[in-house]
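K.L.:
Following this message is one structure expressed as structure tokens.
The values are calculated or read from the model by the stated rules, or taken from the named source; none is laboratory data. Since we're looking at a predicted model, the values are computed, not measured. Note: ideal-geometry Cβ built from the backbone for every residue, glycine included; neighbour counts use all protein chains shown. With ligands, DNA and RNA removed, areas are computed over all heavy atoms of the protein, side chains included. Shrake-Rupley method; radii C 1.70, N 1.55, O 1.52, S 1.80 Å.
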Amino acid sequence: MRTVNRPFAESCEQNRAPILAVLRDWLGPEVRSLLEVGSGTGQHAVYFAPEFPHLTWQPSDRAENLPGIHAWRDYRPSPNLLAPIALDVVRDPWPVGPFDAVFSANTAHILYEPEVVAMFDGAGRVLRPGGVFLLYGPFHIDGRPTAPSNARFDQWLRAQDPGMGVRDVAWLRELGQRAGLALTQTVDMPADNKILCWTREPAVTD
């Protein structure tokens with residue numbers, strides 16, 4: 001059997017407890033299925049899934065990141081943690097769903113703008129009416145950084161790749177509206193981050 005080293009991100013260890021506190025408010029017993037977009041190392045998935053045994057947690061990421069997620073799942077198995085699926089938000093087909101919740105952490109500033117659009121469109125398609133999309137990360141408000149650390153982080157990202165950057169909540173709200181998602185709550189988090197909480201609106205019928 002080929003051994004795959006478990007990838008490790010210190011930020012996941014630092015932010016998982018504060019994120020969990022917010023997830024508890026949104027992932028009640030009526031939430032039976034969750035799609036995680038951009039599971040990254042897999043650390044969040046193996047930490048959060050056992051905390052919500054009433055739902056199935058579906059990790060996903062680009063194909064090249066799946067071995068690391070598998071390694072974490074093998075190391076910390078949970079009955080409700082499914083095997084990760086390949087999901088490049090632009091190129092891969094999205095799972096059919098419907099899901100009761102979609103969760104994504106630290107993705108919007110890494111994805112290029114067309115990919116952020118695709119993430120919102122995809123979340124809008126796979127969520128059931130009344131389902132929730134929870135997006136964690138750093139964000140700008142009305143074109144301005146919420147803290148000097150976020151301004152420095154934005155500059156660093158764009159120096160690495162001009163396609164990356166901290167996204168503005170106003171723009172994300174527009175994307176959500178186009179995808180049938182209403183921004184219903186913004187939760188301030190440690191380290192100048194936030195969780196943006198969106199609700200899938202009922203389909204409009206004539």
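K.L.:
Taking into account only those residues within the stretch 74-88 that are open to solvent by 20 Å² or more (accessible area, probe 1.4 Å) and among the aliphatic types (A, V, I, L, M), which is nearest to residue 17 (Cα to Cα)?
P.N.:
82
K.L.:
Kindly provide the set of residues from the stretch 166-206 that are β-branched (Val, Ile, Thr), under 17 Å from the mean Cα position of the chain (by Cα) and open to solvent by 20 Å² or more (accessible area, probe 1.4 Å), ordered by number.
P.N.:
Selection gives 184, 186, 187, 199.
K.L.:
Name the single residue that is surrounded by the fewest Cβ atoms within 10 Å (Cβ to Cβ) among those in the stretch 112-146 being in contact (Cβ under 8 Å) with a residue 40 or more places away in the chain and assigned to a loop (DSSP other than H, G, I, E, B).
P.N.:
112
K.L.:
Give the number of residues within the stretch 1-45 that are touching a helix residue (DSSP H, G or I) at 6+ places or on another chain (Cβ under 7 Å), open to solvent by 10 Å² or more (accessible area, probe 1.4 Å) and of a type in the set (Val, Ile, Thr).
P.N.:
Qualifying residue count for the region: 2.
K.L.:
Could you tell me whether the stretch 153-162 includes any residue that is aliphatic (A, V, I, L, M) and exposed (fewer than 13 other Cβ atoms within 10 Å of the Cβ)?
P.N.:
yes
K.L.:
Next question. Sort out which residues of the stretch 1-48 are touching a residue at least 40 places away in the same chain (Cβ under 8 Å), outside any helix (DSSP H, G or I) and more than 16 Å from residue 72 (Cα to Cα), and write them in order of number.
P.N.:
Within the stretch 1-48, 27, 30, 31, 32, 33, 34, 35, 37 qualify.
K.L.:
Only one of 108, 71 is surrounded by fewer than 21 Cβ atoms within 10 Å (Cβ to Cβ), at pLDDT 95 or above and small (Gly, Ala, Ser). Can you tell me which?
P.N.:
Of the residues listed, the single one that is surrounded by fewer than 21 Cβ atoms within 10 Å (Cβ to Cβ), at pLDDT 95 or above and small (Gly, Ala, Ser) is 71.
K.L.:
Check off (1) in contact (Cβ under 8 Å) with a residue 40 or more places away in the chain; (2) within 22 Å of residue 196 (Cα to Cα) for residue 84 and give me the number that stays unchecked.
P.N.:
That leaves (2) as the condition not met.
K.L.:
OK, next. Looking for something more than 19 Å from residue 12 (Cβ to Cβ), of a type in the set (Val, Ile, Thr) and open to solvent by 10 Å² or more (accessible area, probe 1.4 Å) - is there at least one such residue anywhere in the stretch 46-63?
P.N.:
Scanning the stretch 46-63, I find at least one residue that is more than 19 Å from residue 12 (Cβ to Cβ), of a type in the set (Val, Ile, Thr) and open to solvent by 10 Å² or more (accessible area, probe 1.4 Å), so the answer is yes.
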